[in-house]
Amino acid sequence: MADSVLVVAAHPDDEVLGCGGTIARHADAGDRVQVLILAEGATSRQLQRDRGQAGDELSALAQAAQQARVILGAQGVELLDFPDNRLDSVDRLDLVKQIEERIARYQPHVVYVHHAGDVNVDHRRLHEAVVTACRPTPGQPVRRLLSFEVASSSEWQPPGSAPPFQPNWFVDISAQWPRKREALAAYDSEMRLWPHARSLEALEHLARWRGAQVGVDAAEAFCLLRQLV
Ligand SMILES: [Zn+2]
C-alpha cells in the first residue's frame, strides 16, 4: 500500500542532505512525499535580516527546491519564511502549529526530521517541534518517526554537548544515489568545495560509508524515534 510521507526540514537543501535518496526511494515505491521547509535560508548571512535585499538569493533557493523536488519525485515542496538561523527567536508553538496543520492535511504515516543534537539551532528547534506535533495521541496518523543527519551540522557537535547521532535505521539508496547527487547539485549555492563537509565529494563519501556500514553501495542513516506497528 502506498504510504504518505512528510519531510520536515529547516532550510532549503536539508531535505536532500538528510534524506534525498530516501525521498526518491519512497517515490519509486509509489509513496506520496511532501516536503515542508520552515526557515527561509540565506538571510542569516546578512548582518541584519533583510528579505528584500536577499530577494534574488531567496528566489534562487525556491527554484532549487523545486528542481530537487522534481529530480527526487516528491509530490510537493512548501517553503515557509521563518527567519533563517533564528528559530530560537520564534515561539516553539508557532512551529508546532505549522507542522500540525500539515499532518492534518497530508495524514502522513512516516515523518522525517532533523536530529536533536545538531549544531544548527534551527535543526534542534524543529526536532523538538516535530516530536511535539507527532505526540502519539489517539488518531495520530504518524506511525514512524525518524531523524536524519545533515553533514556539516550533525557531526560538528562536540562530545557531551548534545546527543550524538547514532543511527539504528538505514535505507539502501544504491539505486537512488545518482538522483540524490543531482538534487544536491541543484543546490549549487549551498554546496562548498572539498574538503568542506558539505561538498559533493564529502557527501558521496558519507553515502558510501553509511552504505558500507550495512554492506550496500550507498545508504542514508537515521535514528528511529518511534514506530507503531
Ligand atoms: Zn539546515
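General remarks:
- Scattering curve values for the stretch 17-58, log₁₀ I(q)/I(0), Debye with Cα scatterers, q = 0.24, 0.30 Å⁻¹: -0.79, -1.01
- For the stretch 95-181: rounded, prolate or oblate by the Cα gyration tensor [a/c cutoff 1.5]: oblate
- Distance between modelled label sites at Asp88 and Leu228, nm, 7 Å Cα→Cβ extension: 3.3 nm
- Cα-based shape type of the stretch 71-113, given that a ≥ b ≥ c are square roots of the gyration tensor eigenvalues and the cut on a/c is 1.5: oblate
- Only alpha carbons enter this Debye calculation for the stretch 138-201, each as an equal point scatterer, and the log10 of I(q)/I(0) it gives at q = 0.19, 0.27 Å⁻¹ is -0.99, -1.20.
- Global geometry of the stretch 28-122, whether rounded, prolate or oblate, following the gyration tensor of its Cα atoms and the 1.5 cut on a/c: oblate
- In the chain, the portion of solvent-accessible area held by carbon and sulfur atoms comes to 50 percent [1.4 Å probe, whole percent, DNA, RNA and ligands not counted].
- Between the stretch 164-206 and the stretch 38-111, the Cα center-to-center distance that results, in Å: 20 Å
- Projected-area mean, the chain, by convex hull of Cα positions, square nanometres: 12.3 nm²
- For the stretch 1-74, the alpha-carbon radius of gyration amounts to 1.24 times the rule-of-thumb value 2.2 N^0.38 Å expected for a compact globular protein.
The values are calculated or read from the model by the stated rules, or taken from the named source; none is laboratory data. Not measured: the values here are computed from a predicted model. We place every Cβ from the backbone using ideal geometry, glycine too, and count neighbours over all the protein chains shown. Areas reflect the complete protein model, heavy atoms only, side chains present, ligands, DNA and RNA absent. Shrake-Rupley method; radii C 1.70, N 1.55, O 1.52, S 1.80 Å.
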